[in-house]
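Report on the following structure.
The values are calculated or read from the model by the stated rules, or taken from the named source; none is laboratory data. Keep in mind that this is a model prediction, so the values were computed, not measured. For neighbour counting, all protein chains shown are included, and Cβ atoms are generated from backbone atoms with ideal geometry for every residue, glycine included.
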Amino acid sequence: MAHLRAALLNSGFAIVLRVITFVLNAFILRHISGEVLGVINVRLLLLVDTIIFISREAFRKACLKKPSNGDWRGTINLVWLSVPIGIASSLIFGYIWIYYFDQPSPEFIDQYVQAVILVSLSAIVELSFEPFFVIGQIFMWVDFRAMVDFTALLIRAVLLTLAVMWDPSRTILLFGMAHLFSSLIQWIAYFTKIRYELKSEDSKLAPLVSLHQILPNISDTHVDQERKALAISFWKQGILKQLLTEGEKYVFTWFSLMTLEEQGIYDVVANLGALIARLVFSKVEESAYVYFNQSISRGNKVDPKVIKNLVLMLRTMSLFGYVVLAFGFSYSHLLLHLYGGSKLSNGLGHSLLRGHCFLVFLMAVNGNFSYFFLKVKKMHL
């Protein structure tokens, strides 16, 4: 029941936040240049994602269960490794982002350097409360996590909007400041929660009873070797996922195939094109996965009713894809102009959204087909 409530809460927060940020982004787009958009939405966010991926994701996945051997110290020490790794990553990638990649226009260079430093610091701040986050996940602080994440992201979006209203010419610097401030809010929230739980008479954090058991301990630096091996395995697997998720941004950034302005426009159009996939297709595909998983079993023939339902599902999603393809091609210019003004509707954005409409059509049938044939293949293995 707790998992269901948490899922509903997370979904609700995600929808509300998406609507709010969608509206705020439409406002921001009309008040900043395409180059600034490329710097904050592609260059700076890619830096944060890279630091966080290298320093945190593998440790987080490896340490989300109570240690079966009771070695809490070894597990916590392993999670704390994300901080020095994050500091080293911030220094290395921050230097690369400042001195090796294409610089923005001269009037933005100082802001860009300061923003790189600020978002790198925000990544380190996020890593510094990772042990608190992992303990919260182990002890099922799902509601608390949803609330903190929602609040931090909302504060970041609102602060950036207010900053753009105040002084659009300093958007890059103010973006870095908003990012750092929201990370500090998260740190304060998790630290306060940990202290409150430890001091509570009915604390559920046993065997953790004091903050000293969670903070770094120089006299005891051993790590859980089993979880360490698992973290290394997760990190290797995550490289491919990271490249698939952010691959085009790495290509644009490393090889200078597009200007910062073109990268910014591409990012906005790509997010708009993926909106349907996130809101509609993902839900249908999740339902299809559950249905095929329950309806197809090893050793039994596939029920004709399942095939009939698959065909019906593919027809429905194909029809939806046809609608997107037809109207998207015809009204892509109008949609972009309504959302972001002439900055998006003229030139590159118009062609990109048309291409995404064709991609949406392919995605409409791909997911359900994939889940069906994946299940059939597993049945015959």
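Would you say V223 is under 22 Å from G136 (Cα atoms), part of a loop (DSSP other than H, G, I, E, B), without any contact (Cβ under 8 Å) to a residue 60 or more places away in the chain and β-branched (V, I, T)?
Numbers: under 22 Å from G136 (Cα atoms): yes; part of a loop (DSSP other than H, G, I, E, B): yes; without any contact (Cβ under 8 Å) to a residue 60 or more places away in the chain: no; β-branched (V, I, T): yes.
So V223 does not fit the description; no.
Going residue by residue through the stretch 120-133, is there one that turns out to be under 26 Å from R18 (Cα atoms), assigned by TED's automatic domain parsing to the domain that holds L184 and part of a loop (DSSP other than H, G, I, E, B)?
Within the stretch 120-133 (the criterion being under 26 Å from R18 (Cα atoms), assigned by TED's automatic domain parsing to the domain that holds L184 and part of a loop (DSSP other than H, G, I, E, B)), the answer is yes, since at least one residue qualifies.
Could you give every pair whose Cβ atoms fall below 9 Å, whose first residue belongs to the stretch 188-204 and is touching a residue at least 12 places away in the same chain (Cβ under 8 Å), and whose second residue is assigned to a helix (DSSP H, G or I) and hydroxyl-bearing (S, T, Y), counting only separations of at least 6 or pairs across chains?
If the second residue must be assigned to a helix (DSSP H, G or I) and hydroxyl-bearing (S, T, Y), the pairs left are A189/T151.
Suppose we filter the stretch 152-209 for residues that are among the aromatic types (F, W, Y) and out of contact with any helix residue (DSSP H, G or I) (no Cβ under 9 Å at 6 or more places or on another chain); how many remain?
Residues of the stretch 152-209 among the aromatic types (F, W, Y): 166, 175, 181, 187, 190-191, 196.
Subset that is out of contact with any helix residue (DSSP H, G or I) (no Cβ under 9 Å at 6 or more places or on another chain): 196.
Count: 1.
May I ask you to verify whether M140 is touching a residue at least 40 places away in the same chain (Cβ under 8 Å), surrounded by fewer than 23 Cβ atoms within 10 Å (Cβ to Cβ) and not in a helix (DSSP H, G or I)? So that I can check it myself, show each step before the final result.
Working: touching a residue at least 40 places away in the same chain (Cβ under 8 Å): yes; surrounded by fewer than 23 Cβ atoms within 10 Å (Cβ to Cβ): yes; not in a helix (DSSP H, G or I): yes.
It is true that M140 is touching a residue at least 40 places away in the same chain (Cβ under 8 Å), surrounded by fewer than 23 Cβ atoms within 10 Å (Cβ to Cβ) and not in a helix (DSSP H, G or I).
As an exercise: evaluate I172 against (1) closer than 15 Å to F191 by Cα; (2) buried (at least 20 other Cβ atoms within 10 Å of the Cβ) and give the number of the one condition it does not meet.
(1)
Name the single residue that is surrounded by the most Cβ atoms within 10 Å (Cβ to Cβ) among those in the stretch 192-209 being in contact with a Leu (Cβ under 9 Å, 6 or more places away or on another chain) and under 29 Å from S122 (Cβ atoms). Break it down into steps so the answer makes sense when it comes.
Looking only at the stretch 192-209, we keep the residues that are in contact with a Leu (Cβ under 9 Å, 6 or more places away or on another chain), and these are 194-195, 197-198, 205, 208-209.
Among the residues that remain, those that are also under 29 Å from S122 (Cβ atoms) are: 194-195, 197-198, 205, 208.
On the way: I194: 21, R195: 13, E197: 19, L198: 16, L205: 17, L208: 19.
Once the filter is applied, the top-ranked residue is I194.
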